[in-house]
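Have a look at the structure below before the remarks.
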Amino acid sequence: MFPGFPEETVRFFLDLRFHNETSWFHAHREAYEAYVRKPF
């Protein structure tokens, strides 16, 4: 069963909402990999 996303995932998406730019995403790619892709 999927246990849900960690708090860091929610924070990543909240930050992305205000910084929806390629440069920001590339600077935070490590967080994306750890907290968004890895849980899937």
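Each reported figure results from applying straightforward, stated rules to the coordinates on display, with no laboratory input. Just so it is clear, the structure is predicted and the values come from calculations on it, not from any experiment. A quick note on method: Cβ atoms are made from the backbone with ideal geometry, for glycine too, and the neighbour counts reach across all protein chains shown.
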List the GluC sites (Glu not before Pro) within the chain that DSSP assigns to loop and that have no more than 11 neighbouring Cβ atoms inside 10 Å.
Glu21
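Compute, for the chain, the length of the dipole vector about the Cα centre, with Cβ point charges of +1 (Lys, Arg) and -1 (Asp, Glu) only. Units Debye, rounded to 20. Write down the numbers at each step before the final one.
On the way: 5 positive and 6 negative charges, 22 e Å.
Once rounded to the nearest 20, the dipole reads 100 debye.
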In degrees from 0 to 90, rounded to the nearest 10, what is the angle of the helix 7-18 Cα long axis to the longest principal axis of the chain?
30
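Summing +1 for each Lys or Arg and -1 for each Asp or Glu, what net charge is found among the other residues whose Cβ lies under 15 Å from the Cβ of Ala34? Let's see the in-between values first.
Details: positive: Arg11, Arg29, Arg37, Lys38; negative: Glu7, Glu8, Asp15, Glu30, Glu33.
Within the 15 Å Cβ shell, the charges total -1.
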Principal axes first, then extents: for the Cα atoms of the chain, list largest minus smallest coordinate on each axis, whole Å, largest first.
34, 16, 10
